[in-house]
Structures are given as C-alpha cells and as structure tokens.
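First the structure, in the form of structure tokens, and then the observations on it.
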Amino acid sequence: MIITVASFKGGVGKTTTAIHLAAFLQGQAKTLLIDADPNRSAQGWANRGELPFAVMDEWQAQAAPYQHVVIDTQARPTPDDLSALANTCDLLVLPTMPDILSLDALVLTIEYLQAIRTHHYRILITSIPPKPSRAGQEVKTLLKEANIPVFETGIRRFAAFQKAAMAGIPVYAVKDPRAEAGWQDYEAVGQEILQLMPNLRANGLS
Ligand SMILES: Nc1ncnc2c1ncn2[C@@H]1O[C@H](COP(=O)(O)OP(=O)(O)OP(=O)(O)O)[C@@H](O)[C@H]1O
Ligand SMILES: [Mg+2]
C-alpha cells in the first residue's frame, strides 16, 4: 500500500503524520518512508535518533522489499504535483489543523481534488487543542456535513510530538506523560487505514 501525506499549507503535521503512520505500518509489514520534501525533515528526524523503519529520499527509494510505502511531501504542491501525487498512491492523507487559516487552505485542496475526480483521500485533523476547546470536534462535524471524508480519530496537540522530532524517535519512545496518548491517536488512525485497505485499489474511496 502507498500512502502519500500532502497539503497546500505548510506546518500542518505532514512529517509528524508520515513518521507515525510508517511506525504503525512497520508493525504490520516492512515499511519504507520516502522523504520527497527537499527540506528533508523526515530524514533529519531519522538522522537525529533512531526510527524502526527505513527512510530514503525519492532518488534512493526502491519498492522492494517493502510492503508499505509512506511518502512525505513538501507543502504548497502545484495543482499538477498534487494530481501526480494523488494518481500514484492508494490513499492521500491530508493533515489539517483545526484553525481558520488551515481550513481555508484545505478548502482549496479539496476543491481541486474534486475537480480532478480524486476520491481516495481522507482529512486528518491534527494538533487538536485540549478541552475546553471544541475546535477539533467542530471541524470534524463541519467536514462531515459537507460530505468530505475525514478520519474519525484526530491527533491531539501534545508537546511529546515536538520532543519526538527533536530526539529523532517515534512519540512512543519519548519520556513524557502524554507520549502514550499521542501514539494511541496515530495507532487508531492506522487501524482506520487498515479497515479502508480492501476498498482502496479496487473501488477508490468515496
Ligand atoms: N499533534 C501535535 N501536537 C503538537 N505539536 C505537533 C503535532 N503535530 C505536529 N506538531 C508540531 O507542529 C510543527 C509542524 O509539524 P510538521 O513538521 O509535522 O508539519 P509539516 O506539515 O510537515 O511542515 P512542513 O510543511 O514545514 O513540512 C512541528 O513543530 C511539530 O512538532
Ligand atoms: Mg514536513
């Protein structure tokens, strides 16, 4: 399975998502993370510490012997880039933060994907602020009402994710009281992806 993580806006959690989906999939089968962002943030993460899966740039990458491939991409792809990315993966994961600027960028992305008739994408709401904020739930409801596919699970905002990036490890290996909660969020998203998997290649998602 090939999962591509993309967004028109920068800093929405693409690299964090790519790293943790690759960590989850590696628990199922051999997984490769392709860092296709010229900033090489995922490779930097890997170089600072240790990750349980292989990370390569788009030049080094080889499909064999990997069962799953996760591709991290740079922010602000051109529409042509986005359509190429959409055409070469089984699932396009579009992270967004639950704030108005991120949502504006997301609307543009979705309008474009609908124009090119791409159905195999899911929105992932990331960096959800803690209660009493209801931003995460509100954005999810809004997207669902607009019939836009969104993961049931959102990723909560935890400092443990920043510590993980700094230390070059997955969040579950960070010494932080919320490290386990952060990992559980990505595990739940991984489970949702596994459930979608049988439908991905054959039918496309709707
Ligand atoms: N769930 C989260 N909780 C707290 N901080 C987070 C979370 N997800 C991401 N971050 C932080 O937000 C910042 C941006 O995340 P990340 O680098 O994953 O985004 P990106 O979309 O890959 O950015 P870019 O467009 O620059 O490649 C980082 O500092 C990261 O540690
Ligand atoms: Mg990134």
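What lysines could a cross-link reach from K175, if we take a straight Cα to Cα line under 29 Å and drop same-chain neighbours fewer than 8 places away?
Within the straight-line cut-off, K175 pairs with K14, K30, K131, K163.
For the chain, what does -39500 (n - 2.57) per DSSP helix run (n ≥ 4), summed and divided by total residues, give at 222 nm, in deg cm²/dmol to the nearest 500?
Here the helix-only value at 222 nm equals -14000 deg cm²/dmol.
Given the convex hull of the Cα atoms of the stretch 48-206, what is a quarter of its surface area in nm²? Write down the numbers at each step before the final one.
Values: hull surface 42.0 nm².
Averaged projected area of the stretch 48-206's Cα convex hull equals 10.5 nm².
Given the options A63, A167, A179, which has the most mean-square fluctuation in a GNM of the chain, springs set between C-alpha atoms less than 10 angstrom apart?
The residue that fluctuates most here is A63.
Can you tell which of A181, A115, A86 shows the greatest fluctuation in a Gaussian network model of the chain with Cα springs below 10 Å?
Of the options given, A115 has the highest mean-square fluctuation.
Based on DSSP H assignment, which helices of the chain show an axial Cα extent of at least 30 Å together with a mean Kyte-Doolittle hydropathy greater than or equal to 0.0?
none
Where a number appears in this text, it was derived from the coordinates with a stated rule and is not lab data. Just so you know, these numbers come straight off a predicted model, no measurement behind them.
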